[in-house]
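The values are calculated or read from the model by the stated rules, or taken from the named source; none is laboratory data. Predicted, not measured: the structure shown is a model, and the values here were computed from it. No Cβ is skipped: glycine too gets one built from the backbone with ideal geometry, and neighbour counts run over all protein chains shown. Keep in mind that these areas ignore ligands, DNA and RNA; they rest on the heavy atoms of the full protein, side chains included. Shrake-Rupley method; radii C 1.70, N 1.55, O 1.52, S 1.80 Å.
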Amino acid sequence: MLALRGRLTSALSGRVLAPQACASFATGPRQNDGTFYEFRTYYLKSSKMNEFLENIKKHVHLRTAHSELVGYWSVDFGGRMNTVFHIWKYDNFAHRTAVRKALAEDKEWQEQFLLPNLPLIDKQENEITYLVPWCKIGKPPKEGVYELVTFQMKPGGPALWGDAFKRTINAHVNLDYAKLIGVFHTEYGALNRVHVLWWNENADSRAAGRHKSHEDPRVVAAV
């Protein structure tokens, strides 16, 4: 099991993974409804990061008028620099199709948000994910720093690794040094990938919590 760690700051965060085979479908249980979460990662030109973030702050409301934004982050450390990462929630695929159609017809969004930002981006990636069945989206209690941990799992989906992984996540949750925001399993994109998003009050509290967890027998037993 390969874990990639990267701290994500709540500037308005991202991750870098080695190239992997992609396919159209994944298998395994998921939430009963059709709700899914689109992960979008933009790799920016190194000299354009600040300009992009300023554009986002000014005009992101034009995008959120069409669908729900879970979060928008920039990478501070632990991953590829000059990267922004955002998560969008959709009720189902018909909902996403309708949103994309509405955006294509929204001249204000295109002129003020899309067209000025496109020249600043080197590369774009997206993944379609579902929350694992035992997880709901958490809400951070206040501003802080975020960590996205990505695991490459063995084929088989949550039906194979779900129970053991749940015990591992809950062992960390029970130590109460970080808040779990969500556990997401890829459906479209690189398969058998799980993203775990954590909130921490600050980087030092995260470091102290991790040190504590490494010495806790409950965590050691779970992992």
task: Output the number of residues of segment 167-181 satisfying the condition of being surrounded by fewer than 18 Cβ atoms within 10 Å (Cβ to Cβ) and at pLDDT 90 or above.
output: 2
- prompt: Is there a residue in segment 128-137 that is open to solvent by less than 10 Å² (accessible area, probe 1.4 Å) and over 15 Å from the mean Cα position of the chain (by Cα)?
  reply: no
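Any idea how many residues of segment 104-139 are more than 30 Å from residue 162 (Cα to Cα) and part of a loop (DSSP other than H, G, I, E, B)?
Initial filter on segment 104-139 (more than 30 Å from residue 162 (Cα to Cα)): 104-123.
Then keep just the ones that are part of a loop (DSSP other than H, G, I, E, B); that gives 105-106.
Residues flagged as more than 30 Å from residue 162 (Cα to Cα) and part of a loop (DSSP other than H, G, I, E, B) within segment 104-139 amount to 2.
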message: Show the residue pairs meeting these rules: Cβ distance below 6 Å; 6+ apart or different chains; first residue within segment 196-208 and under 25 Å from residue 130 (Cβ atoms); second residue surrounded by 20 or more Cβ atoms within 10 Å (Cβ to Cβ) and acidic (Asp, Glu).
response: 198/147
- request: Tell me which residues, restricted to segment 60-69, are assigned to a helix (DSSP H, G or I) and surrounded by fewer than 16 Cβ atoms within 10 Å (Cβ to Cβ).
  value: 60, 61, 64
field: Residue under evaluation residue 89, criteria (1) closer than 16 Å to residue 185 by Cα; (2) outside any loop (DSSP other than H, G, I, E, B); (3) in contact with a Gly (Cβ under 9 Å, 6 or more places away or on another chain), criterion not met
entry: (3)
Candidate set: segment 41-59, residues that are open to solvent by less than 40 Å² (accessible area, probe 1.4 Å) and outside any helix (DSSP H, G or I); chosen: the one farthest from residue 193 (Cα to Cα): 44
field: Subset of segment 162-206 (residues that are of a type in the set (A, V, I, L, M) and farther than 18 Å from residue 86 by Cα)
entry: 164, 169, 171, 173, 175, 178, 191, 203
